[in-house]
Structures are given as structure tokens and as C-alpha cells.
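Working notes for the structure below.
The values are calculated or read from the model by the stated rules, or taken from the named source; none is laboratory data. Keep in mind the model is a prediction, meaning the values are calculated, not measured. Cβ sites come from the backbone with ideal geometry, for glycine too, and all protein chains shown count toward neighbours. Ligands, DNA and RNA are stripped out before the accessible areas are found, and what is left, the full protein with its side chains, is counted by its heavy atoms. Shrake-Rupley method; radii C 1.70, N 1.55, O 1.52, S 1.80 Å.
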Amino acid sequence: MKLILSRKGTDSSAGGLPSPIFPDGRIVSLPIPQSDGLTRYSQLQVGNQSLSSLIKQLGGKQWRSGCHLDPDIDHSLCADVQDWLPAFGQASSAQRHLEQEGVGVGDLFLFFGWFKQVEKVKGRWQQVKGAPDIHLIYGWMQVCEILKPEGDNREILERYPQLARHPHLQTDYPFNTIYLPTEQLQIGEHFLDLPGTGVFSHYDQLRQLTTAGENRTQWTLPAAFFPTDFERALSYHRQPWRWQQSEESAKLQAAARGQEFVLDLAVQPDVIPWIEALFR
């Protein structure tokens, strides 16, 4: 099985706004803007307010636009959609990287993004001054099926009409690909009582990648992540200078660019207990 740490949600170049960590620990990943996206921020809900209202309060400049709702793994954002199918799309150089790394059925995406604490002041949400900017794992998908959209996508839509509004069926991207999840999550030999995709509803320190007090691309990972073979280490991170080892952890200077970081768990199987712990 391969593990893919997949960077998703708004960032400094796409949206320019961190996703919020609410005072009660709830988290929500903000999808990136897409001006011609069929899904509008105003159609998505966080609690009792629209995502467009939340983004406007937090200082987002593109709160009226459409969005690129992908990965679409959080049903609570679009709870009024009854016939919903979770899916994740990838394309272009990022998809080519996944293919080159041999990602396929049974492999596990852990989605992470840029998050920051927010608070309500005089009835409006705002970022907490001085709160850290962190990379945080917020969701997952284990791959059951891989679709290759092309042409009018009639065959895909006949099988999966729920995908009609998915952004990767609206644009003819190079190397266009859609991943669908398994029914049940399996880590190593263990089946967990969880679906093959979903989101973590609340912040947990175990799922924080960023080292406390450091820039968000400076990560602290379990010691098992330290490469046993740098040529087969976490992709985009195969340079020894990125890593520092201790008995309890592996420090990593995470790549500022790149969306999909792939690790072959057959090479570093001691990472598996950490993955299982994320879901406890």
C-alpha cells in the first residue's frame, strides 16, 4: 500500500486564505476559487451559515465566485444534495507524478492543508491574531476505482450520474483522472469501522504536521518516516538535507511546491501504526 500526503484547499496562491479552526476545535477545508465552477461558495454550508459569508468575514476576496470543490469528501458542506458520491480529481503534472509513483487501487490519500484558528468578535468571524499557521491533515480517501474522463464522458455519467457537477468532468484537463473511494477503510491487515473516505471534524494535535512554533512547512513526523533509502523516501523529499533524525521524531523541511507526496509503505512499514492512530 502507498500513502499519499495530498496538499489541498486554499493556500497563499489559490484563495490566499487559511482554512479555519473554530474555537470548539471544528475544522473545515476551504475549496479553492474557480470562476467558472458550477458549485458556488454560497451553495455550501458550514453550520448555519454559507461558506461565502464565512469567507467574506475572514477577509477572502473571491467570496462571490464559483469554487473547485475537490476533493469532494465532506457531505456536510452540501447536505441538501441527497444523491451524493464522494470523489477526488487530479490532472496535469500532479497526476503524472501519481502515475510515476505507481499509485492505484487500495492506496490511501491523506489530505492536508493550511489552517489557522479563528474567533468570533462582535458577531463576525476573524483570524486569531498571532495564531500559528499550520499544515493539518483533515481528510482521507482510500482508492477503489480510477476513472479517466475524456470526450463527452457519457459512459462515466451513465454509471455515476452523481458526478455531473464534478469539476474534473467540466474541464478537459491533461491526464485527467477521478478517484473513487472504497466502502470501508483498510489499513494494513485491519479493517476499520470507517468508510473509505471522510473528513476529521475536529483538530487533533496528532494530525498536525507543522512543528510547534515553526513555519508551516517545517514538519515533525514520527521517527518511522525517516528514510531507510533516500531514493525511495517520501516523494519530493528525497534529498538528505530535508531530514533530521532523533529517537522520537523525524524533522522534515517540507517542499513548498508539489501537491502529492507519495511513500511506499512496503519500504517503510513502521509508518502504518501512526496511520492507524490517526483514526482512533
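Scan Ser201, Ser249, Ser235 and give me the residue that is farther than 16 Å from His135 by Cα and under 19 Å from the mean Cα position of the chain (by Cα).
Numbers: Ser201 fails: farther than 16 Å from His135 by Cα; Ser249 fails: under 19 Å from the mean Cα position of the chain (by Cα).
Of the residues listed, the single one that is farther than 16 Å from His135 by Cα and under 19 Å from the mean Cα position of the chain (by Cα) is Ser235.
How many residues are part of a loop (DSSP other than H, G, I, E, B) and either in contact with a Cys (Cβ under 7 Å, 6 or more places away or on another chain) or surrounded by 15 or more Cβ atoms within 10 Å (Cβ to Cβ) (or both) when one looks only at region 216-229? Even if it seems obvious, please write down each step before you answer.
Of the residues in region 216-229, the ones part of a loop (DSSP other than H, G, I, E, B) are 216-217, 226-229.
Remaining after also requiring either in contact with a Cys (Cβ under 7 Å, 6 or more places away or on another chain) or surrounded by 15 or more Cβ atoms within 10 Å (Cβ to Cβ) (or both): 216-217, 226-227.
Adding up the residues that qualify gives 4.
Could you check how many residues of region 100-109 are part of a helix (DSSP H, G or I) and surrounded by 13 or more Cβ atoms within 10 Å (Cβ to Cβ)?
Filtering region 100-109 for residues part of a helix (DSSP H, G or I) gives 100.
With surrounded by 13 or more Cβ atoms within 10 Å (Cβ to Cβ) added as a condition, the list becomes none.
Number satisfying all stated conditions: 0.
So Phe112 ticks every box in (1) under 30 Å from Cys144 (Cβ atoms); (2) part of a loop (DSSP other than H, G, I, E, B) but one. Which box is left unticked?
Tallying (1) under 30 Å from Cys144 (Cβ atoms); (2) part of a loop (DSSP other than H, G, I, E, B), Phe112 fails exactly one: (2).
How many residues are open to solvent by 90 Å² or more (accessible area, probe 1.4 Å) and at pLDDT 95 or above if we restrict to region 159-176?
Looking only at that region, the number is 2.
Could you check region 33-62 and list, in sequence order, the residues that are assigned to a loop (DSSP other than H, G, I, E, B) and of a type in the set (D, E, K, R)? Lay out the reasoning, then the answer.
Taking region 33-62 and keeping what is assigned to a loop (DSSP other than H, G, I, E, B), we get 34-38, 44, 47-48, 58-62.
Within region 33-62, Asp36, Lys61 meet the criteria.
I need the full set of residues from region 78-90 which are of a type in the set (A, V, I, L, M) and open to solvent by 10 Å² or more (accessible area, probe 1.4 Å), in order please. Explain how you work it out, then say what you get.
Keep residues of region 78-90 that are of a type in the set (A, V, I, L, M), which gives 79, 81, 85, 87.
If the condition is that a residue be of a type in the set (A, V, I, L, M) and open to solvent by 10 Å² or more (accessible area, probe 1.4 Å), then Ala79, Val81, Leu85 are the ones that fit.
When you look at Tyr179, is it under 28 Å from Glu145 (Cα atoms), of a type in the set (Ser, Thr, Tyr), touching a strand residue (DSSP E or B) at 6+ places or on another chain (Cβ under 7 Å) and open to solvent by 80 Å² or more (accessible area, probe 1.4 Å), yes or no?
Judged against the criteria, Tyr179 is not a match.
Checking Trp63 against (1) modelled with pLDDT of 95 or more; (2) over 16 Å from the mean Cα position of the chain (by Cα); (3) aromatic (Phe, Trp, Tyr), only one condition comes out false. Which one?
Going through (1) modelled with pLDDT of 95 or more; (2) over 16 Å from the mean Cα position of the chain (by Cα); (3) aromatic (Phe, Trp, Tyr) one by one, Trp63 breaks only (1).
Scan region 120-129 and tell me whether some residue there is free of Cβ contacts under 8 Å to residues at least 12 places away in the same chain, open to solvent by 10 Å² or more (accessible area, probe 1.4 Å), over 22 Å from Asn48 (Cβ atoms) and charged (D, E, K, R). Break it down into steps so the answer makes sense when it comes.
Narrowing region 120-129 to residues free of Cβ contacts under 8 Å to residues at least 12 places away in the same chain: 121-123, 129.
From the residues that got through so far, the ones that are open to solvent by 10 Å² or more (accessible area, probe 1.4 Å) too are 121-123, 129.
From what is left, the residues that are over 22 Å from Asn48 (Cβ atoms) are 129.
Subset that is charged (D, E, K, R): 129.
Checking region 120-129: at least one residue is free of Cβ contacts under 8 Å to residues at least 12 places away in the same chain, open to solvent by 10 Å² or more (accessible area, probe 1.4 Å), over 22 Å from Asn48 (Cβ atoms) and charged (D, E, K, R).
Can you pull out every residue in region 230-280 that is touching a helix residue (DSSP H, G or I) at 6+ places or on another chain (Cβ under 7 Å), assigned to a helix (DSSP H, G or I) and open to solvent by less than 10 Å² (accessible area, probe 1.4 Å)?
Of everything in region 230-280, those that are touching a helix residue (DSSP H, G or I) at 6+ places or on another chain (Cβ under 7 Å), assigned to a helix (DSSP H, G or I) and open to solvent by less than 10 Å² (accessible area, probe 1.4 Å) turn out to be Val271, Leu278.
Can you name the number of the only condition in (1) aromatic (Phe, Trp, Tyr); (2) in contact with a Lys or Arg (Cβ under 9 Å, 6 or more places away or on another chain); (3) open to solvent by 70 Å² or more (accessible area, probe 1.4 Å) that Phe200 fails?
(3)
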